[in-house]
Amino acid sequence: MINRAVQITKSYFQIITRRIPSNFFSGLNPLEKDTFKKHLVYMLLEGVILGVLALNEFVFLKSLKGSNYQLGFLFQFSIVLFAFLVFINEFMKRIRDRKKLLRWVAWITRLPLALIYFFPHSANIQSQPYYHYIFLGLFLLYFTGNIFILPNINFLLKNSYRHKNFGKLYSYSLSMNKVVMLIVTFVYGYLLDSDNFVFVYIFPVVAGIGILSLYILSSISFPVEKMVAVQSGIWASIKKSISEMVNILKSNVPYRHFEIGFMIYGFSFLISVTVITIYFYDALNLNYSSVAFYKNSYNILAIILLPFFGKVMGRIDPRKFAAFTFLSVGLYIFSVLITSWLPQHFVFSGITIYYTLLFYVLFQGIFSATMTLLWNIGSAYFCKPSEAGTYQSLHLSLTGIRGIFAPLLGVLSYESIGFEATFIIAITFSMAAVALMIWSAKVENR
């Protein structure tokens with residue numbers, strides 16, 4: 001199984017390298033070269049972490065025997081904290097030494113994961129439910145770090161990369177990050193099938209890698225002297241930012257439609273995502289290797305499709321692009337739904353492959369590729385370049401708001417009316433978002 005993972009990785013690496021011209025790194029100045037090396041190492045280390053976290057919800061359900069609602073909270077933590085970005089952004093403006101901030105974040109939010117080593121290394125952990133709450137608390141702290149880290153990454157890179165080189169250098173680092181993530185997810189799933197509690201040894205390593213990666217990120221050259229002092233108080237600035245965001249939604253009708261569509265789609269995605277994990281465990285009884293196979297398969301497809309969809313997005317109305325993205329969500333949820341009715345499958349090398357879930361891989365891969373673009377740059381199509389930061393902050397804040405309750409509503413729906421009805425509700429939301437995007441684009445073009 002590990003050999004197969006290595007073969008897949010080599011094949012994809014060849015695809016990447018063939019797409020890079022021989023002069024890819026020519027024309028870079030010394031600062032860009034130094035920054036790229038550090039950012040690439042950071043992304044490789046983060047790829048290891050993301051590969052482990054890819055199976056985190058399944059570990060919580062299968063190994064720790066956490067409850068469905070607790071699983072909803074675990075997924076919720078990675079989304080809901082974005083709601084606080086409007087406050088964090090104003091705080092960031094007042095930080096003169098962001099390097100020191102990143103290093104403090106590393107120790108405060110990454111090191112505590114090492115405490116998982118002291119969890120019972122056997123099924124005894126399942127009879128001590130307070131470990132569930134400790135696990136949840138550790139990852140709430142971990143994801144809190146991201147709201148400080150993510151805004152700083154682009155900030156550091158934009159001060160080091162020239163505009164003409166930003167895209168190609170960032171995309172290459174991202175591709176390498178995904179390759180490492182795929183390898184780690186596959187190997188980690190294999191290890192978990194051999195020992196369901198191997199995670200107690202893995203997370204202390206993840207803690208160390210997380211600290212190291214942020215130290216490397218913080219070593220990127222940062223022009224402290226260029227920071228502008230903020231004159232107004234933080235609460236006055238926050239109030240001004242919120243007022244500005246409200247005015248954007250009132251005045252920019254196409255963007256308002258885009259965000260409403262995103263909110264509607266978000267209910268579909270967030271209602272279903274936790275329930276799909278429960279479905280894989282309770283209904284299909286998948287092992288770790290099988291879950292890793294499905295996650296890796298759609299991620300490989302997403303990486304391959306990214307360049308194509310990147311070109312498409314620049315040529316069409318972003319609302320039409322969003323409609324296609326939201327449609328792919330409905331289709332992959334439908335592919336999971338019909339697995340209950342068409343349960344035919346086969347087992348290969350310990351991996352259970354359902355025929356219907358191959359369509360899940362296809363549409364999830366399309367969704368992952370298009371959503372990566374829509375999430376990161378979709379809002380920029382509705383504003384001037386100078387307003388892009390404000391529009392993206394508003395977008396992420398609204399994303400965090402929907403994350404406050406949607407994952408738990410999914411679990412409540414599943415426990416009240418079952419898998420099938422919950423999936424049908426999620427599909428209905430995604431189709432409503434598609435309809436809104438198509439209508440909005442047509443109204444403006446009349």
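Residues in the range 311-323 that are out of contact with any Gly (no Cβ under 9 Å at 6 or more places or on another chain), in a helix (DSSP H, G or I) and either in contact (Cβ under 8 Å) with a residue 40 or more places away in the chain or among the basic types (Lys, Arg) (or both): LYS311, LYS320.
Filtering ALA302, ALA322 for residues that are assigned by TED's automatic domain parsing to the domain that holds SER349, in contact with a Ser or Thr (Cβ under 9 Å, 6 or more places away or on another chain) and either within 30 Å of PHE186 (Cα to Cα) or among the hydroxyl-bearing types (Ser, Thr, Tyr) (or both) leaves a single hit, ALA302.
Of all residues in the range 257-289, those being more than 26 Å from PHE326 (Cα to Cα) and part of a helix (DSSP H, G or I) number 3.
When residues in the range 61-89 are screened for being under 20 Å from the mean Cα position of the chain (by Cα), surrounded by fewer than 19 Cβ atoms within 10 Å (Cβ to Cβ) and aromatic (Phe, Trp, Tyr), 1 of them pass.
The values are calculated or read from the model by the stated rules, or taken from the named source; none is laboratory data. None of the values given here were measured: they were computed from a predicted structure. Cβ atoms come from the backbone with ideal geometry, glycine included; neighbour counts cover every protein chain shown.
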